[in-house]
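Student: Structure provided below as structure tokens; questions to follow.
The values are calculated or read from the model by the stated rules, or taken from the named source; none is laboratory data. This structure is a prediction, so every number in the text was calculated from the model and none was measured. Heads up, the Cβs are rebuilt from the backbone with ideal geometry, glycines too, and the neighbour counts pull from every protein chain shown.
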Amino acid sequence: MKNSIDILKLGLTLGLVCLIAGFALSATYSITKDKITEQQRKALVQAQKEIFPDATEFKKIEISETKVGSATLKELYECLNENENILGYIATASTPGYGGNIIFVLGVNSDFSVKGVKVTEQTETPGLGANIAKSQFLEQFNGKTLNDEFVVKKDVKPVTSATISSRSITNGIKEILNFTSKNVKEASK
Amino acid sequence: MSLMQIIIFSSGIMLGLGIVFGIGLGYFAKIFRVQENPLIDEILEILPGANCGACGFSGCRSLAEGITSGKASIETCRVGGEETVKNLAKLLGVGTDNISYEKYIAIPLCKGGKSLAMKNATVKGVKTCKIANNLKLSEKICTYGCLGYGDCVLVCPFNAIKMNDEGLPEIDPSLCTGCGLCVKECPREVIEIFSYKEKVLAICKNSEKGSAVRNACRVGCITCYVCEKKCPKNAIKMVNNLPVIDIEKCDLCGICINVCPTKTLSLIKALSAKENGKK
Amino acid sequence: MRNLINIFKNGIIKENPVLIIMLGLCSILAVSTSVVNALGMTLAFSFVLIGSELTISLIRKSIPKTLRVPIFIVVIGSFTTIMSLLLQAFLPDLNKALGIFIPLVVVNCIIIGRVEAFASKRSVIESLFDALGMSLGYGIVIVSIGAIREILGNGTILGYQVFGPNYNPALFFILPPGAFLVIGIEIAIINKILAKPKKVKQEG
Amino acid sequence: MSELQSLMNIFISAAFAQNFVFIRFLALCSFVGMTTSMENAIGMGGAVTFVTVMASILSYVVYQFILVPLHLEYLQTIVFILTIAVFVQLVEIYLKKAVPSLYKAMGIYLPLIATNCMILAVALLNVTENYNLLEATVFSFGASIGYVLALVILAGIRERLKYVQIPSILKGYPIIFFIAAFIAVAFMGLQGIAR
């Protein structure tokens, strides 16, 4: 009997320590909770503002996270200007890159040509693959439409010595552009 | 998910996990308890922990188990020195008076350094005593003497051995505990363990005779029997061409040392107590 | 007081956690791609180390033997999570740069080592000084490696161009193998520095 | 077919392309400490493989069935490391009693493993990459194979280091880091194979 009390004592001491830890953690979490979500949204809102400077409102289209070929679409927004007509769409998506997943934001005009691309997160090789996040590389996509081939070295100039990263981002943009235009066409029908 | 809910749920989950794990650990510790004599850890604390194996056990932990089960007496560990034996005696409440504690050290039996031993080759590439001995790759003509590549230096857990510029190992008696690891390591068994009292020793292992030794080394023992004849106490006997000095008979008069033509014999002085403390 | 200063000094050179005892290498090599990251990591590391050492030495008397490891882990884990929450809220870009290595501070071998070897046996003040010494020792090493790797790796220091615009950086140092090389060199230098006085002592 | 392909992809990227020791710099403390001899390396490798796979399953279960339904994802770090530490301690107690021979061979590694950075990293990565149970197991198995590979390579080299002349300044750890640097270059070459 004696040592079953000991075991209970052990359980209670560890339980007590964990309780205090849990309490402290939840207190900090509740303080920082909204600040964190706000930080996460800030990166997205900032990217959206850059692509559609004159859009005033970004309406989230209810669409679950879908796998589009090798890329995955995370969120889709409609961009409206002050008098409520649609300027275009913003899609956040991720595509597997050389070092890990590349997260990017694709702006699509209402005529389904590329308005702008921003890479928000990537773990490509620093100095080589990482240059796909730079605007010189991404600006070449602006204005491209579905009938462009999106093939590296043909109509897309790759980042030197980072063909895999350039090919994966080009591929990702093509598939998401394709998906957004198809999906929006059905919605507007 | 209001703040209150978060706090309650997190604390609740952590409390639940803590209790489950705490009881789990306690229960496991109880049913799977291994009856181990706590004395073993205490003894392990006192032992030097060099795991050198000089006591014949595979390491300090098995020696500790040996001592608790009575298989080994407390002065089995020579390496620990007096201090270990005293602490063990105190721990186990055993008297130390009947234990005569004697210090042992390792002494290299070769004087054939770079300048004294004749060479017939120069060796390039890998330099370890084991390889040199197995492949008969040695610069010196003498095949009994020290190869000088320092395997013993690496193995000594108390780093008591240093190679002098003659290329021979020098063992610091205050650091050496006589654990014998260097004896096992040396492929030519140049190093041997002796009790640490003042004595005369023949610092040579070359068991050949006369000219075979003379053109291999200037300080090798050429078996001329002078020391055996001249010793007033006839304490010296030639055993396979090397003089062995009987410690009881020898009164350290030093005649044999002066009379030896090749200066192979030398007097091993014991550090006086004062010097020993300096270590 | 003398002894406290000794404990503090001890953490920096004699028992520098990284270069001498060879602990905490995971975070050092991975994060030291730039000085800013290195400073951020030192900040996070010291917060958790000081917090854990103090708490553990406070409650060291009442820790049952079987629960030693879990309680250490819970204390260190909670400080790490608090730190990571604060970073996410107030320093988001540092959090993104350090990435997975923020939660990994909880298994950082230095913290577990110091807590078990030092804090669970010594008084609160001594643990505080030990934590400060160790964090400074850790910080010096990671910032120095970060500086070397940033200057050679992409030609900037704290973001400013060092060798002018047309310097094409030796990318090797930003990539993993460079990190191994730099820490190898650093240990060799420390061995050289520390070895010299020892020799002098023996002859003297 | 693509299901198996993606599993193979995860395995290869965890073991080779994103090797936990040479590319992600994880578990270096045991990597430097445990590779003095080959059987040490294999012993540690075996122990870590077993614990990593079990721990990643355990942490997946705890995450999906406790943390997600209650939206307490922020507790993941502390809950994972607690479960891993307790699991390792339970294994240690059980082995000490039931299989003393295995405990003698693996015993000294077990307390080291509780603080091994790789195991917690595998559990956390399972969450960030939101793998399902099967993918998580394959990922943890791949990661530990990569770890064992790294240990065995370095142990092999370190055992041969005795017969080589090393400049005195590089003796000890510096030379080991230089060797690790060269192996890391080789592993970096593998980075492109699994995408």
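Student: With the condition kept exactly as written, say whether any residue in region A:124-135 is surrounded by fewer than 19 Cβ atoms within 10 Å (Cβ to Cβ) and touching a residue at least 60 places away in the same chain (Cβ under 8 Å).
Tutor: No, because not a single residue in region A:124-135 is surrounded by fewer than 19 Cβ atoms within 10 Å (Cβ to Cβ) and touching a residue at least 60 places away in the same chain (Cβ under 8 Å).
Student: Condition (residue is surrounded by 17 or more Cβ atoms within 10 Å (Cβ to Cβ) and charged (D, E, K, R)) applied to region D:71-85: is it met by at least one residue? Walk me through it before giving the result.
Tutor: Initial filter on region D:71-85 (surrounded by 17 or more Cβ atoms within 10 Å (Cβ to Cβ)): D:72, D:74-85.
Remaining after also requiring charged (D, E, K, R): none.
Looking for residues that are surrounded by 17 or more Cβ atoms within 10 Å (Cβ to Cβ) and charged (D, E, K, R), one finds none in region D:71-85, hence no.
Student: Is one or more of the residues making up region C:41-49 without any contact (Cβ under 8 Å) to a residue 12 or more places away in the chain and within 13 Å of chain D (Cβ to nearest Cβ)? So that I can check it myself, show each step before the final result.
Tutor: Of the residues in region C:41-49, the ones without any contact (Cβ under 8 Å) to a residue 12 or more places away in the chain are C:43.
Now drop any that are not within 13 Å of chain D (Cβ to nearest Cβ), which leaves none.
No, region C:41-49 contains no residue that is without any contact (Cβ under 8 Å) to a residue 12 or more places away in the chain and within 13 Å of chain D (Cβ to nearest Cβ).
Student: If you check B:Lys184 against the conditions, is it basic (Lys, Arg) and closer than 15 Å to B:Ile105 by Cα?
Tutor: Values: basic (Lys, Arg): yes; closer than 15 Å to B:Ile105 by Cα: yes.
The answer is yes for B:Lys184.
Student: For region C:114-135, state whether one or more residues are within 14 Å of chain D (Cβ to nearest Cβ) and either crowded, with 19+ Cβ neighbours inside 10 Å or touching a strand residue (DSSP E or B) at 6+ places or on another chain (Cβ under 6 Å) (or both).
Tutor: In the first step, residues of region C:114-135 are kept if they are within 14 Å of chain D (Cβ to nearest Cβ); the result is C:114-117.
Going one step further and asking which of them are either crowded, with 19+ Cβ neighbours inside 10 Å or touching a strand residue (DSSP E or B) at 6+ places or on another chain (Cβ under 6 Å) (or both), we end up with C:114-115.
For region C:114-135, residues within 14 Å of chain D (Cβ to nearest Cβ) and either crowded, with 19+ Cβ neighbours inside 10 Å or touching a strand residue (DSSP E or B) at 6+ places or on another chain (Cβ under 6 Å) (or both): present.
Student: Quick test for you: out of D:Val68, D:Val21, D:Val88, pick the one residue that is out of contact with any Pro (no Cβ under 9 Å at 6 or more places or on another chain) and either of a type in the set (Ser, Thr, Tyr) or farther than 30 Å from D:Ile175 by Cα (or both). Give the derivation first.
Tutor: On the way: D:Val21 fails: either of a type in the set (Ser, Thr, Tyr) or farther than 30 Å from D:Ile175 by Cα (or both); D:Val88 fails: out of contact with any Pro (no Cβ under 9 Å at 6 or more places or on another chain).
Testing whether each residue is out of contact with any Pro (no Cβ under 9 Å at 6 or more places or on another chain) and either of a type in the set (Ser, Thr, Tyr) or farther than 30 Å from D:Ile175 by Cα (or both) leaves just D:Val68.
Student: Just need a number here: residues in region D:1-27 that are free of Cβ contacts under 8 Å to residues at least 40 places away in the same chain and either closer than 22 Å to D:Leu154 by Cα or facing another protein chain (nearest Cβ under 7 Å) (or both).
Tutor: From region D:1-27, those free of Cβ contacts under 8 Å to residues at least 40 places away in the same chain are D:1-5, D:8, D:25; that's our starting set.
Narrowing further to those that are either closer than 22 Å to D:Leu154 by Cα or facing another protein chain (nearest Cβ under 7 Å) (or both): D:25.
The number of residues fulfilling the criteria is 1.
Student: If you don't mind, another one. Scan D:Val138, D:Val62, D:Val68 and give me the residue that is more than 21 Å from C:Thr66 (Cα to Cα) and facing another protein chain (nearest Cβ under 10 Å).
Tutor: Details: D:Val138 fails: facing another protein chain (nearest Cβ under 10 Å); D:Val68 fails: facing another protein chain (nearest Cβ under 10 Å).
Step by step, each of D:Val138, D:Val62, D:Val68 is checked, and only D:Val62 is more than 21 Å from C:Thr66 (Cα to Cα) and facing another protein chain (nearest Cβ under 10 Å).
Student: Looking at (1) surrounded by fewer than 22 Cβ atoms within 10 Å (Cβ to Cβ); (2) of a type outside the set (Asp, Glu); (3) over 17 Å from D:Leu120 (Cα atoms), which is the only condition C:Gly99 fails?
Tutor: (3)
Student: A further question follows. For region C:1-81, list the helices (runs of 4 or more DSSP H) that sit wholly inside it and hold at least 3 residues that are modelled with pLDDT of 90 or more; which are they?
Tutor: Working: elements: C:2-12, C:25-31, C:35-58.
Counting at least 3 such residues, we get C:35-58.
Student: Which residue out of C:Phe118, C:Phe72 is within 26 Å of B:Ile13 (Cα to Cα) and touching a residue at least 24 places away in the same chain (Cβ under 8 Å)?
Tutor: Values: C:Phe118 fails: within 26 Å of B:Ile13 (Cα to Cα).
Checking each option against the conditions leaves just C:Phe72.
Student: Any idea how many residues of region B:85-103 are of a type in the set (S, T, N, Q) and modelled with pLDDT of 75 or more? Spell out how you get there, then give the answer.
Tutor: Quick first cut of region B:85-103, residues of a type in the set (S, T, N, Q) only: B:87, B:96, B:98, B:100.
Right, trim to modelled with pLDDT of 75 or more and you get B:87.
Of the residues in that region, 1 qualify.
Student: Being of a type outside the set (S, T, N, Q) and free of Cβ contacts under 8 Å to residues at least 40 places away in the same chain is the filter; apply it to region B:133-151 and report the residue that is surrounded by the most Cβ atoms within 10 Å (Cβ to Cβ). Outline the logic, then answer.
Tutor: Quick first cut of region B:133-151, residues of a type outside the set (S, T, N, Q) only: B:135-137, B:139-142, B:144-151.
Filter once more, keeping what is free of Cβ contacts under 8 Å to residues at least 40 places away in the same chain: B:135-137, B:139, B:148-151.
Numbers: B:Leu135: 10, B:Lys136: 7, B:Leu137: 16, B:Glu139: 16, B:Gly148: 24, B:Tyr149: 22, B:Gly150: 17, B:Asp151: 21.
Looking at the filtered set, the residue picked out is B:Gly148.
Student: Would you say A:Lys60 is closer than 29 Å to D:Phe20 by Cβ and surrounded by fewer than 16 Cβ atoms within 10 Å (Cβ to Cβ)? Quick ask: steps written out before the conclusion?
Tutor: Values: closer than 29 Å to D:Phe20 by Cβ: no; surrounded by fewer than 16 Cβ atoms within 10 Å (Cβ to Cβ): yes.
The answer is no for A:Lys60.
Student: A further question on this structure: Would you point out which residue out of A:Ile176, A:Ile90 is on the phi < 0 side of the Ramachandran plot and in a helix (DSSP H, G or I)? Reasoning before the result, please.
Tutor: Working: A:Ile90 fails: in a helix (DSSP H, G or I).
Within the list A:Ile176, A:Ile90, the selection yields A:Ile176.
Student: Has region C:39-50 got any residue that is closer than 20 Å to C:Ile148 by Cα and over 12 Å from the mean Cα position of the chain (by Cα)?
Tutor: Of the residues in region C:39-50, the ones closer than 20 Å to C:Ile148 by Cα are C:39-43.
Subset that is over 12 Å from the mean Cα position of the chain (by Cα): none.
Checked region C:39-50: no residue is closer than 20 Å to C:Ile148 by Cα and over 12 Å from the mean Cα position of the chain (by Cα).
Student: Being more than 14 Å from A:Thr120 (Cβ to Cβ) and at pLDDT 80 or above is the filter here; which residues of region A:61-76 pass it? Steps first, answer last, please.
Tutor: At the first step, the residues of region A:61-76 found to be more than 14 Å from A:Thr120 (Cβ to Cβ) are A:61-73, A:76.
Within region A:61-76, A:Ala71, A:Thr72, A:Leu73, A:Leu76 qualify.
Student: Show the residue pairs that are 6+ apart or on different chains and have beta-carbon atoms under 7 Å apart, the first residue being within region B:185-197 and farther than 15 Å from B:Ile161 by Cα and touching a residue at least 40 places away in the same chain (Cβ under 8 Å), the second being aliphatic (A, V, I, L, M) and not in a strand (DSSP E or B).
Tutor: B:Arg188/B:Leu147; B:Tyr196/B:Ala270; B:Lys197/B:Ala270
So that you can scan it fast, the table gives a plain yes or no per residue for (1) assigned to a helix (DSSP H, G or I); (2) modelled with pLDDT under 85; (3) farther than 30 Å from D:Gly192 by Cβ; (4) in contact with a Leu (Cβ under 8 Å, 6 or more places away or on another chain):
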| site | (1), (2), (3), (4) |
| --- | --- |
| D:Ile23 | no, yes, no, no |
| D:Glu39 | yes, yes, yes, no |
| D:Gly43 | yes, yes, yes, no |
| D:Thr52 | yes, no, no, no |
| D:Leu90 | yes, no, yes, yes |
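Student: Take region C:146-187 and flag every residue that is more than 14 Å from chain D (Cβ to nearest Cβ) and among the aromatic types (Phe, Trp, Tyr).
Tutor: Once the filter is applied, which keeps residues that are more than 14 Å from chain D (Cβ to nearest Cβ) and among the aromatic types (Phe, Trp, Tyr), region C:146-187 yields C:Tyr160, C:Phe163, C:Tyr167.
Student: Next up: Mind checking which residues of region A:39-58 are of a type in the set (A, V, I, L, M, F, W, C) and in contact with a Leu (Cβ under 6 Å, 6 or more places away or on another chain)? Quick ask: steps written out before the conclusion?
Tutor: We begin by selecting, within region A:39-58, every residue of a type in the set (A, V, I, L, M, F, W, C); these are A:43-45, A:47, A:51-52, A:55, A:58.
Result: A:Phe52, A:Ala55.
Student: Considering D:Ala180, D:Ala150, D:Ala143, which residue is farther than 26 Å from C:Thr81 by Cβ, more than 8 Å from every other protein chain (Cβ to nearest Cβ) and buried (at least 17 other Cβ atoms within 10 Å of the Cβ)?
Tutor: Details: D:Ala180 fails: more than 8 Å from every other protein chain (Cβ to nearest Cβ); D:Ala143 fails: farther than 26 Å from C:Thr81 by Cβ.
After applying the criteria, what remains is D:Ala150.
Student: Shifting gears a bit: Being within 7 Å of another protein chain (Cβ to nearest Cβ), more than 27 Å from D:Glu73 (Cα to Cα) and assigned to a helix (DSSP H, G or I): is that true of A:Ile7 here? Before you say what the answer is, go through the steps one by one.
Tutor: Numbers: within 7 Å of another protein chain (Cβ to nearest Cβ): yes; more than 27 Å from D:Glu73 (Cα to Cα): yes; assigned to a helix (DSSP H, G or I): yes.
In short, yes.
Student: Being over 23 Å from D:Ala180 (Cα atoms) and either touching a His at 6+ places or on another chain (Cβ under 9 Å) or part of a helix (DSSP H, G or I) (or both) is the requirement here; does D:Leu70 meet it?
Tutor: Details: over 23 Å from D:Ala180 (Cα atoms): yes; either touching a His at 6+ places or on another chain (Cβ under 9 Å) or part of a helix (DSSP H, G or I) (or both): no.
So D:Leu70 fails the test.
Student: Specify which of the listed residues (C:Leu104, C:Leu181, C:Leu132) is of a type outside the set (Asp, Glu), under 30 Å from A:Asp34 (Cα atoms) and either without any contact (Cβ under 8 Å) to a residue 40 or more places away in the chain or not in a loop (DSSP other than H, G, I, E, B) (or both).
Tutor: Working: C:Leu181 fails: under 30 Å from A:Asp34 (Cα atoms); C:Leu132 fails: under 30 Å from A:Asp34 (Cα atoms).
Only one candidate qualifies: C:Leu104.
Student: Counting only residues that are within 14 Å of chain D (Cβ to nearest Cβ) and assigned to a strand (DSSP E or B), which one in region A:95-112 is farthest from the chain's Cα centre (by Cα)? First the steps, then the outcome.
Tutor: We begin by selecting, within region A:95-112, every residue within 14 Å of chain D (Cβ to nearest Cβ); these are A:95-103.
Now drop any that are not assigned to a strand (DSSP E or B), which leaves A:95-96, A:101-103.
On the way: A:Thr95: 10, A:Pro96: 12, A:Asn101: 10, A:Ile102: 8, A:Ile103: 4 Å.
This residue is A:Pro96.
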